[in-house]
Structures are given as C-alpha cells and as structure tokens.
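Chemist: Submitted below is the structure of interest, expressed as structure tokens.
The values are calculated or read from the model by the stated rules, or taken from the named source; none is laboratory data. Keep in mind it's a predicted model, so treat the numbers as computed, not measured. Neighbour counts run over all protein chains shown; Cβ positions are idealised from the backbone, glycine included. Protein only, heavy atoms only, side chains kept; ligands, DNA and RNA dropped before computing areas. Shrake-Rupley method; radii C 1.70, N 1.55, O 1.52, S 1.80 Å.
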Amino acid sequence: AVGEFYRDTIFSHSHYELDEIDRRILGILGEDGLARPASLSSRLGMGENRIRRRMKAMLQNEVYKLNVIPVADALQCEAEATIGITIKHQFPHKIIDSILKHPNVFLASVSLGRFNLVIATHFHKIDLLNQFVTEFLPSIPGIGSIETYLQGKRLKYYNVTWPISMSVDTIKLKNVYS
C-alpha cells in the first residue's frame, strides 16, 4: 500500500509535486473543507486509506492548510481595524514580538512602503480598540507612527465573499491553499 502511494506521487527531498489525483482532492476540499476521506473515496473511485495518506502528505508538505474563518456576527466583534505601523528602531524584532503577543492581533505582515508593519485586529468593543491604539502601541519603545483604518464591511476574506448566509450553528471551515 505504501509503495502504491509513492508510485502515484512524486517526491524530492524538499519539494512535493502534485499529480492529477492530488489536484482533484484539493478541488473537492476547496468546495468542502470538512470532506472526509470516505466521501472523497466514493467521489474519486479510490481507496479511503490511499486518499488519507495523500491528504496527510500534502498537509505535512504545506500544500494546503485548514483555516477557520469566523463569521464576524458570530464573534460579535464591533471593531475590526487594519493598522499601519512605522518602526523607528535598529532592531525591530522586539517591537514586532511585543505586538504579535497581543491576543487581538490576528494578522501581521512586514510591509514595504509607507509602513514597516501592517496588522489586523478585532475587538469586542470599540473602546478596547481605542485603548490598543492610544495606550498599548504607543507604550512600546521604537514605534514611530500609527495609522488606523476601521473596517466597515468585509467584502472578501480568502476565498469567501460576503455576505455569508450561515447561522452561528453552521460556521464552516474552508481550505485555503498557499
């Protein structure tokens, strides 16, 4: 069984090459991130264990990852913001680490251009966002400037477009491909 898997999928030491079966599995997972190997087996006409091994190998080789995309209404977030930060420090890693540790920061990217760092945050109350921007961030030595953009209405996040017609009880997981 293991030999069969290696015949179908090409590996090298640091690279995973997708074949047509892998692409079909990824296509189905893109439609239904919770699809189980048993349902894939019947749709693809191949053994469940073979599909499970392929999914595991692709996941381990970071061909895809599973992300939870929360529905903002379910979280009852009243304030989401994207914040551009200019860092005036020779060694920015300590500053960035301080920001990344904050539980309300859910995305951070080093940026080229106007800002050195762009972060995305969500807070349950606008007052907490205000406190983050006016007290927490300025208290970190080396931060030069902060520019905050409140998010009004989310239109697209990964491969999900808004509005999402889901209740809190039916929040779905989506696969996001790197």
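Chemist: When the residues of the stretch 131-171 are narrowed to those that are touching a strand residue (DSSP E or B) at 6+ places or on another chain (Cβ under 9 Å) and modelled with pLDDT under 65, which ends up nearest to I25 (Cα to Cα)?
Modeler: N159
Chemist: Look through the stretch 110-144, keep the residues that are polar (S, T, N, Q) and open to solvent by less than 50 Å² (accessible area, probe 1.4 Å), and return whichever of them is nearest to T86 (Cα to Cα).
Modeler: S111
Chemist: Exactly one condition in (1) touching a strand residue (DSSP E or B) at 6+ places or on another chain (Cβ under 9 Å); (2) loosely packed, with under 15 Cβ neighbours inside 10 Å; (3) of a type in the set (G, A, S) is false for S39; which is it?
Modeler: (1)
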